[in-house]
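Below is one structure, written out as structure tokens, with a few remarks after it.
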Amino acid sequence: MTSSTVSGAGGHPAGDIGDHPEAPNADDTIYQAALPDNEACVSAAAPELRYRGWKTMPFVIGNETFEKLGSIGTAANLMMYLTSVFHMTNVDAAMALNAFSGTTNLATVVGAFASDLYLGRYATVGIGCIATLIGMIILTFTAAVPTLHPPPCAGGEEPCAGATGRQLAVLVLAFVFIVAGAGGIRPCNLAFGADQFDPRTDSGRRGINSFFNWYYFTFTIAVCVSSTAIIYVQSNVSWWVGFAIPAALMLVSCALFFAGERLYVRDAARELARVEAPLHRTV
């Protein structure tokens, strides 16, 4: 009886695959063939990442804390500012703030797309911080410069003078920059902080969990401080001082964020995010 040899993949005898010189790479070849083209390219080309973990947290958490102090301190008392300084009616001020809040939430979707598809989280957060700072500075000018807001009410029965078109344009410009900044910061800063830990190790996973705890702890502290101390200054000291303080805090936030540039995991993480991001898969 003649025995026949069953052939395996590539025409080699099935029983001899283990002896073939290419056999040790067979599993890797099959795995790479099963990957989508873009994932295979990233897997082959991505450099080794150096996760600095907690070394980056003073910059990441510091940026987030001072940004929240500034942004919440600016937005929390805007209703009073629009009615008392710009002499808007309650209805007009409420409509303006609803538009401000709604466009801010919509801008976060745009910022998420920009981060996943083009810029990466580092650049998106950085641009958002600068835009927010510019918006806060412009808003401070609307309170500090007399020609950028209506004159105080004269008293008596005469109605208060309303804002001119130029004054409203400057106010809207400040809101536009603040909205654009929030659109870059809000969808990315929490994820960017988590990117600094290696999710493949136990210490990295513990670091991510601890980072989330610190993130929300400092967020709560920022809300408490900005909703009390800064509002007190705005209502009892001066509006321009009350807006200058959040602008100064935002400047500190920007400085802290860019000071940690050399330590961050950013460019390689962006390339991996382009493959894995849900928003990228929908386009």
Find which of THR147, GLY181, PHE113 sits farthest along the positive direction of the dipole of segment 112-211, computed with +1 on the beta-carbon of Lys and Arg, -1 on that of Asp and Glu, about the Cα centre.
PHE113
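Sort the following peptides by mean Cβ neighbour count (other Cβ atoms within 10 Å, averaged over residues), highest first: 128-136, 200-208. Don't skip to the end; give the middle numbers.
Numbers: 128-136: 23.7, 200-208: 13.3.
By packing density, highest mean first, the sequence is 128-136, 200-208.
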Between VAL109 and MET79, what is 0.36 nm times their sequence separation minus the Cα-Cα distance? Round to one decimal in nm.
8.3 nm
For segment 54-282, state the average projected area of the convex hull of the C-alpha atoms over all orientations, rounded to one decimal in nm².
13.5
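Since every read-out is calculated from the coordinates, none of them should be taken as a lab result. The shown structure was predicted, so the numbers you read here are calculated from the model rather than taken from an experiment. Glycine also receives a Cβ, built like all others from the backbone with ideal geometry; neighbour counts cover every protein chain displayed.
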